[in-house]
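The values are calculated or read from the model by the stated rules, or taken from the named source; none is laboratory data. Just so it is clear, the structure is predicted and the values come from calculations on it, not from any experiment. Cβ: placed from backbone, ideal geometry, glycine included. Neighbour counts: every protein chain shown. For the accessible areas, the whole protein counts, side chains as well, though only heavy atoms, and no ligand, DNA or RNA atoms are used. Shrake-Rupley method; radii C 1.70, N 1.55, O 1.52, S 1.80 Å.
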Amino acid sequence: MNSISVRALLVRGMLAGLAAGLLALVVAYLLGEPRVDAAIGYEEAHSHEHGGVELVGRTMQSTAGLATGVLIYGVALGGIAALVIAYALGRVGRFGPRATAALVSLGALVSVYVVPFLKYPANPPAVGDPSTLDQRTTLYFLMVVLSVLLTVAAVILGKRLAPRLGNWNATVAASVAFLAAIGPAYAFLPSFNEVPHGFPATLLWQFRLSALAVQATLWGSFGLFFGYLAERLLVPRPAVAPSAPAKAGVAH
(Lines give C-alpha, C1' and ligand atoms only; values in the text may rest on other atoms or scores of the structure.)
Protein backbone atom coordinates (compact mmCIF):
# COMPACT_ATOMS: atom_id res chain seq x y z
CA MET A 1 0.00 0.00 0.00
CA ASN A 2 1.50 3.32 -1.06
CA SER A 3 1.74 6.46 1.06
CA ILE A 4 -1.14 8.12 -0.79
CA SER A 5 -3.51 5.28 0.13
CA VAL A 6 -2.35 5.31 3.76
CA ARG A 7 -2.89 9.06 3.95
CA ALA A 8 -6.34 8.70 2.42
CA LEU A 9 -7.19 5.94 4.91
CA LEU A 10 -5.96 8.10 7.79
CA VAL A 11 -8.27 10.95 6.75
CA ARG A 12 -11.19 8.56 6.38
CA GLY A 13 -10.38 7.00 9.73
CA MET A 14 -10.54 10.37 11.45
CA LEU A 15 -13.84 11.16 9.70
CA ALA A 16 -15.24 7.77 10.71
CA GLY A 17 -14.00 8.38 14.25
CA LEU A 18 -15.79 11.72 14.30
CA ALA A 19 -19.05 10.13 13.12
CA ALA A 20 -18.68 7.31 15.64
CA GLY A 21 -17.93 9.88 18.34
CA LEU A 22 -21.21 11.65 17.58
CA LEU A 23 -23.14 8.42 18.11
CA ALA A 24 -21.17 7.65 21.27
CA LEU A 25 -21.89 11.18 22.49
CA VAL A 26 -25.64 10.57 22.17
CA VAL A 27 -25.33 7.32 24.14
CA ALA A 28 -23.16 8.98 26.79
CA TYR A 29 -25.61 11.86 27.19
CA LEU A 30 -28.74 9.69 27.33
CA LEU A 31 -27.40 6.78 29.40
CA GLY A 32 -24.34 8.02 31.24
CA GLU A 33 -25.14 11.55 32.33
CA PRO A 34 -28.32 10.70 34.33
CA ARG A 35 -26.25 8.18 36.34
CA VAL A 36 -23.52 10.76 36.90
CA ASP A 37 -26.12 13.23 38.17
CA ALA A 38 -27.56 10.60 40.51
CA ALA A 39 -24.09 9.73 41.85
CA ILE A 40 -23.30 13.43 42.40
CA GLY A 41 -26.59 13.79 44.26
CA TYR A 42 -25.65 10.89 46.52
CA GLU A 43 -22.19 12.37 47.10
CA GLU A 44 -23.58 15.77 48.02
CA ALA A 45 -26.16 14.26 50.35
CA HIS A 46 -23.54 12.23 52.24
CA SER A 47 -20.57 14.59 52.11
CA HIS A 48 -19.45 16.41 55.26
CA GLU A 49 -17.52 19.02 53.27
CA HIS A 50 -19.31 22.18 52.21
CA GLY A 51 -18.41 25.42 50.50
CA GLY A 52 -16.30 23.99 47.67
CA VAL A 53 -16.01 26.14 44.57
CA GLU A 54 -16.88 24.36 41.32
CA LEU A 55 -14.43 25.49 38.62
CA VAL A 56 -16.60 24.16 35.77
CA GLY A 57 -20.36 24.08 36.14
CA ARG A 58 -22.20 20.79 35.87
CA THR A 59 -24.17 22.04 32.86
CA MET A 60 -20.96 22.81 31.00
CA GLN A 61 -19.50 19.44 31.98
CA SER A 62 -22.49 17.48 30.70
CA THR A 63 -22.78 19.35 27.38
CA ALA A 64 -19.80 21.16 25.84
CA GLY A 65 -17.25 19.38 28.02
CA LEU A 66 -18.68 15.94 27.29
CA ALA A 67 -18.94 16.68 23.56
CA THR A 68 -15.36 17.97 23.34
CA GLY A 69 -13.93 14.98 25.18
CA VAL A 70 -15.87 12.30 23.29
CA LEU A 71 -15.33 13.82 19.83
CA ILE A 72 -11.59 14.39 20.29
CA TYR A 73 -11.32 10.84 21.66
CA GLY A 74 -13.21 9.48 18.63
CA VAL A 75 -11.10 11.36 16.08
CA ALA A 76 -7.81 10.37 17.73
CA LEU A 77 -8.71 6.70 18.05
CA GLY A 78 -10.13 6.73 14.52
CA GLY A 79 -6.81 7.91 13.12
CA ILE A 80 -4.80 5.36 15.11
CA ALA A 81 -7.19 2.52 14.22
CA ALA A 82 -7.06 3.50 10.53
CA LEU A 83 -3.28 3.07 10.52
CA VAL A 84 -3.59 -0.30 12.27
CA ILE A 85 -6.20 -1.44 9.74
CA ALA A 86 -4.03 -0.22 6.85
CA TYR A 87 -1.19 -2.40 8.17
CA ALA A 88 -3.49 -5.37 8.86
CA LEU A 89 -5.05 -5.46 5.38
CA GLY A 90 -3.89 -8.65 3.71
CA ARG A 91 -1.78 -9.70 6.71
CA VAL A 92 -4.38 -11.30 9.00
CA GLY A 93 -6.20 -13.39 6.43
CA ARG A 94 -7.91 -12.93 3.13
CA PHE A 95 -10.34 -10.34 4.38
CA GLY A 96 -11.54 -7.29 2.53
CA PRO A 97 -11.51 -3.77 3.96
CA ARG A 98 -14.92 -4.10 5.65
CA ALA A 99 -14.14 -7.40 7.34
CA THR A 100 -10.68 -6.20 8.41
CA ALA A 101 -12.14 -3.00 9.86
CA ALA A 102 -14.75 -4.99 11.76
CA LEU A 103 -12.18 -7.44 13.16
CA VAL A 104 -9.73 -4.72 14.20
CA SER A 105 -12.53 -2.67 15.80
CA LEU A 106 -13.77 -5.69 17.73
CA GLY A 107 -10.24 -6.56 18.82
CA ALA A 108 -9.64 -2.97 19.91
CA LEU A 109 -12.85 -2.88 21.92
CA VAL A 110 -11.91 -6.09 23.72
CA SER A 111 -8.23 -5.39 24.30
CA VAL A 112 -8.30 -1.65 24.92
CA TYR A 113 -11.46 -1.49 27.01
CA VAL A 114 -13.23 -4.72 27.95
CA VAL A 115 -10.25 -6.63 29.35
CA PRO A 116 -9.02 -3.73 31.55
CA PHE A 117 -12.64 -2.91 32.43
CA LEU A 118 -13.20 -6.38 33.90
CA LYS A 119 -10.30 -5.81 36.32
CA TYR A 120 -10.72 -2.08 36.95
CA PRO A 121 -14.30 -1.07 36.03
CA ALA A 122 -15.36 2.54 35.64
CA ASN A 123 -16.60 4.28 38.78
CA PRO A 124 -19.12 7.10 39.09
CA PRO A 125 -18.61 10.11 41.36
CA ALA A 126 -18.66 9.22 45.08
CA VAL A 127 -17.05 5.82 44.41
CA GLY A 128 -13.33 5.45 45.01
CA ASP A 129 -10.90 6.71 47.62
CA PRO A 130 -9.15 9.92 46.45
CA SER A 131 -5.95 8.77 48.15
CA THR A 132 -5.69 5.76 45.78
CA LEU A 133 -6.54 7.66 42.59
CA ASP A 134 -2.97 7.80 41.26
CA GLN A 135 -2.40 4.13 42.01
CA ARG A 136 -5.67 3.09 40.37
CA THR A 137 -4.94 5.19 37.30
CA THR A 138 -1.45 3.74 36.90
CA LEU A 139 -2.67 0.18 37.28
CA TYR A 140 -5.49 0.75 34.81
CA PHE A 141 -3.14 2.01 32.09
CA LEU A 142 -0.74 -0.82 32.89
CA MET A 143 -3.61 -3.23 32.29
CA VAL A 144 -4.43 -1.53 28.97
CA VAL A 145 -0.83 -1.78 27.74
CA LEU A 146 -0.55 -5.40 28.88
CA SER A 147 -3.83 -6.34 27.21
CA VAL A 148 -2.88 -4.70 23.90
CA LEU A 149 0.57 -6.33 23.84
CA LEU A 150 -0.87 -9.75 24.62
CA THR A 151 -3.52 -9.29 21.93
CA VAL A 152 -0.84 -8.52 19.34
CA ALA A 153 1.14 -11.55 20.53
CA ALA A 154 -1.97 -13.75 20.26
CA VAL A 155 -2.59 -12.57 16.68
CA ILE A 156 1.01 -13.35 15.72
CA LEU A 157 0.78 -16.76 17.39
CA GLY A 158 -2.48 -17.58 15.64
CA LYS A 159 -1.02 -16.60 12.27
CA ARG A 160 2.00 -18.85 12.78
CA LEU A 161 -0.11 -21.81 13.91
CA ALA A 162 -2.65 -21.49 11.09
CA PRO A 163 -0.64 -23.39 8.43
CA ARG A 164 -0.37 -26.42 10.73
CA LEU A 165 -3.64 -26.31 12.69
CA GLY A 166 -6.01 -24.53 10.33
CA ASN A 167 -7.56 -21.13 10.93
CA TRP A 168 -10.21 -22.24 13.44
CA ASN A 169 -7.90 -24.34 15.66
CA ALA A 170 -5.18 -21.69 15.48
CA THR A 171 -7.66 -19.02 16.60
CA VAL A 172 -8.80 -21.17 19.52
CA ALA A 173 -5.20 -21.91 20.54
CA ALA A 174 -4.24 -18.23 20.38
CA SER A 175 -7.30 -17.26 22.44
CA VAL A 176 -6.45 -19.84 25.09
CA ALA A 177 -2.88 -18.56 25.20
CA PHE A 178 -4.17 -15.00 25.65
CA LEU A 179 -6.40 -16.03 28.54
CA ALA A 180 -3.58 -18.01 30.16
CA ALA A 181 -1.30 -14.97 29.94
CA ILE A 182 -3.83 -12.37 31.14
CA GLY A 183 -5.07 -14.57 33.99
CA PRO A 184 -2.04 -13.99 36.29
CA ALA A 185 -2.44 -10.22 35.85
CA TYR A 186 -6.04 -10.50 37.03
CA ALA A 187 -4.93 -12.65 39.95
CA PHE A 188 -1.89 -10.75 41.19
CA LEU A 189 -2.53 -7.09 40.41
CA PRO A 190 -4.20 -5.36 43.38
CA SER A 191 -7.95 -4.85 43.38
CA PHE A 192 -9.93 -2.03 44.94
CA ASN A 193 -13.26 -2.28 46.72
CA GLU A 194 -13.98 1.34 47.60
CA VAL A 195 -17.74 1.56 47.15
CA PRO A 196 -19.17 3.63 50.03
CA HIS A 197 -21.53 1.90 52.40
CA GLY A 198 -25.07 2.49 51.25
CA PHE A 199 -24.23 3.46 47.68
CA PRO A 200 -26.98 2.01 45.44
CA ALA A 201 -25.70 -1.14 43.74
CA THR A 202 -28.16 -0.66 40.89
CA LEU A 203 -26.79 2.82 40.18
CA LEU A 204 -23.22 1.52 40.21
CA TRP A 205 -23.93 -1.20 37.66
CA GLN A 206 -26.06 1.07 35.50
CA PHE A 207 -23.17 3.53 35.33
CA ARG A 208 -20.69 0.79 34.43
CA LEU A 209 -22.98 -0.68 31.79
CA SER A 210 -23.52 2.78 30.28
CA ALA A 211 -19.75 3.29 30.11
CA LEU A 212 -19.45 -0.06 28.33
CA ALA A 213 -22.29 0.91 25.96
CA VAL A 214 -20.49 4.14 25.02
CA GLN A 215 -17.33 2.24 24.09
CA ALA A 216 -19.25 -0.46 22.23
CA THR A 217 -21.09 2.22 20.24
CA LEU A 218 -17.86 4.05 19.46
CA TRP A 219 -15.91 1.04 18.22
CA GLY A 220 -18.83 -0.74 16.58
CA SER A 221 -19.95 2.27 14.57
CA PHE A 222 -16.35 3.15 13.70
CA GLY A 223 -15.84 -0.33 12.25
CA LEU A 224 -18.96 0.04 10.10
CA PHE A 225 -18.23 3.59 8.93
CA PHE A 226 -14.55 3.08 8.23
CA GLY A 227 -15.11 -0.28 6.54
CA TYR A 228 -17.52 1.38 4.13
CA LEU A 229 -15.18 4.29 3.38
CA ALA A 230 -12.11 2.06 3.02
CA GLU A 231 -13.90 -0.29 0.65
CA ARG A 232 -14.97 2.60 -1.58
CA LEU A 233 -11.36 3.78 -1.68
CA LEU A 234 -9.54 0.48 -2.15
CA VAL A 235 -11.91 -1.84 -3.99
CA PRO A 236 -12.31 -0.88 -7.64
CA ARG A 237 -15.85 -0.71 -8.88
CA PRO A 238 -16.81 -2.87 -11.85
CA ALA A 239 -16.84 -0.94 -15.06
CA VAL A 240 -20.28 -0.15 -16.36
CA ALA A 241 -20.79 -1.39 -19.90
CA PRO A 242 -21.68 1.44 -22.27
CA SER A 243 -25.25 1.35 -23.40
CA ALA A 244 -25.86 0.19 -26.96
CA PRO A 245 -26.28 3.05 -29.43
CA ALA A 246 -29.83 3.71 -30.48
CA LYS A 247 -30.75 2.07 -33.73
CA ALA A 248 -31.30 4.21 -36.74
CA GLY A 249 -34.87 4.77 -37.74
CA VAL A 250 -36.43 1.81 -39.51
CA ALA A 251 -37.17 2.42 -43.18
CA HIS A 252 -40.78 1.98 -44.24
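A single entry from 166, 220, 183 fulfils the requirement of being at positive phi and not β-branched (Val, Ile, Thr): 166. Looking across the range 189-199, the residues that are more than 11 Å from residue 119 (Cβ to Cβ) and surrounded by fewer than 12 Cβ atoms within 10 Å (Cβ to Cβ) come down to 193, 197, 198. All of (1) within 22 Å of residue 92 (Cα to Cα); (2) charged (D, E, K, R); (3) crowded, with 16+ Cβ neighbours inside 10 Å hold for residue 160 with one exception: (3).
Please work out if residue 60 is touching a Lys or Arg at 6+ places or on another chain (Cβ under 7 Å), in a helix (DSSP H, G or I) and more than 30 Å from residue 229 (Cα to Cα). Taking the combined requirement at face value, the residue does not satisfy it. Contact annotation: no residue pair with Cβ atoms under 6 Å, 6 or more positions apart or on different chains, pairs a residue in the range 133-161 that is touching a residue at least 24 places away in the same chain (Cβ under 8 Å) and part of a helix (DSSP H, G or I) with a partner that is open to solvent by 60 Å² or more (accessible area, probe 1.4 Å) and among the basic types (Lys, Arg). Per the listing 153, 86, the residue uniquely of a type outside the set (D, E, K, R) and modelled with pLDDT of 90 or more is 153. Contact map, the range 169-190: residues that are outside the structural domain of residue 141 (by the TED database) and assigned to a helix (DSSP H, G or I) paired with residues that are surrounded by 15 or more Cβ atoms within 10 Å (Cβ to Cβ) and at pLDDT 95 or above, Cβ distance under 7 Å, separation 6+ or inter-chain. No pairs are found.
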